[in-house]
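Written below as C-alpha cells is the structure these notes are about.
The values are calculated or read from the model by the stated rules, or taken from the named source; none is laboratory data. What you see is a predicted model; the values in this text were computed from it and never measured. Here Cβ is always computed from backbone atoms with ideal geometry, including for glycine, and neighbour counts include all displayed protein chains. What goes into the accessible areas is simple: the full protein's heavy atoms, side chains included, and nothing from ligands, DNA or RNA. Shrake-Rupley method; radii C 1.70, N 1.55, O 1.52, S 1.80 Å.
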Amino acid sequence: MTREDIRLRVGVLGSGRGSNLQALLDAAARPGYPARVVVVVSDKERAQALERARAHGVAAVWLNPKDFGDRATYDAALGRLLAEHRVGLVCLAGFMRILTPELVRAFAGRVLNIHPSLLPAFPGLHAQRQALDYGVKVAGATVHFVDEGVDTGPIALQASVPVQPDDTEESLSARILAVEHRIYPEAVRLFAEGRLRLAGRKVIVR
Ligand code: GRF
C-alpha cells in the first residue's frame, strides 16, 4: 500500500510560455514543499505550459474554446475538470481568459493569480509597458486572490524591482519575471500551510 500524498492539489491554468508553472513544478519537486501540481489546463493547443506539464508527468489538458458555445459553458467544463482532479487551489499563470463569476464563486478563496505589476497600479494587459510609459521608478509583481474583477482581488504577496533609466519592455519584464518565479511558489506554500487568511479585501499572512 502506498502512503496517501497529502500535499495540496494544485491546478494551473496557462495560455503560453508557462515559466511560472515551471517555477511551481520546480518548487513542488523540492523536499518538504506542501503542494503539487496535479493538472495543467490551457485554452491554447500549443501552449508551452502543456509541454512543461507533460515533461513532468502532470496531466495536461487542452480545453478548446471553439468546442464550447460560450464562456459560461467553457468555464463550467473547466470547473468540472478541476473538481475531477480534486484541486484545492487554482493558480492562474498567464491564462488569457477572464473567469466567469460562477467559476470564481465555485472556487471562492481558492484561486490565485500572478500579475507583473505592483497592483493596484497597471492592471490588465502589458503591465510592464504601462509602468515604463508612466515613468515609475519601482515596478514589481503581485500574487493576489482572484475575485470577480480583473486584477482586483486581495493581495497575498508583492515584490518590487527597480526600473533602470535604460530599461526596455523586455529588460524590465525579465527583471520582474525573476521575482514572479520567487513569490508565486512562496504564496502557494503559504496557502498550502494555511497561513493566508482572507479578511475582507486584506490577506493576513501568518
Ligand atoms: C507573467 O508575466 C504573469 O505575471 C502574467 O503573464 C505572464 C505569464 O508568463 N500574468 P508565463 O506563462 O508564466 O511564463
Pairwise label distance in nanometres, residue 137 with residue 96, each label 7 Å out on the Cα-Cβ vector: 3.6 nm
Calculated FRET efficiency for the pair residue 3/residue 105, C-beta based, R₀ 41 Å, to 0.05: 0.75
Full-stretch length increase - residue 76, residue 198 - with 0.36 nm per residue and alpha-carbon distance subtracted: 41.4 nm
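Kyte-Doolittle cut-off -1.0, length cut-off 24 Å along the helix's own axis using Cα: show which whole DSSP H helices in the chain pass. If you can, show how the numbers build up before the last one.
Numbers: long enough: 169-192 (33 Å, 0.15).
Span-like helices, by this rule, are 169-192.
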Cα-Cα separations in the chain greater than 21 Å, expressed as whole percent: 52 percent
Loop trypsin sites (Lys or Arg not before Pro), the range 1-66 (other Cβ atoms within 10 Å of the site Cβ: 16 or fewer; DSSP): 3, 7, 17, 46
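Can you bin the range 42-95 into rounded, prolate or oblate? Criterion: square roots of the alpha carbon gyration tensor eigenvalues sorted a ≥ b ≥ c, rounded for a/c under 1.5, prolate for a/b above b/c, oblate for the rest. Mind showing how you got there, number by number?
On the way: a/c = 1.98, a/b = 1.27, b/c = 1.56.
Oblate, because a/c is 1.5 or more while a/b does not exceed b/c.
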Loop sites in the range 1-88: GluC sites (Glu not before Pro), DSSP, at most 15 other Cβ within 10 Å: 4, 45
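For a quick protection proxy, order the peptides 105-113, 86-94, 194-202 by their average other-Cβ count within 10 Å, most packed first. Write down the numbers at each step before the final one.
Numbers: 105-113: 18.4, 86-94: 21.4, 194-202: 11.8.
In descending order of packing, they fall as 86-94, 105-113, 194-202.
On average, how much accessible surface per residue is there in the chain, in Å², for a 1.4 Å probe, leaving out ligands, DNA and RNA? Display every interim value, and only then the final one.
On the way: 10580 Å² over 206 residues.
Result: 51 Å² per residue.
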Coil-residue GluC sites (Glu not before Pro) of the range 94-199, DSSP, other Cβ within 10 Å capped at 15: 148, 193
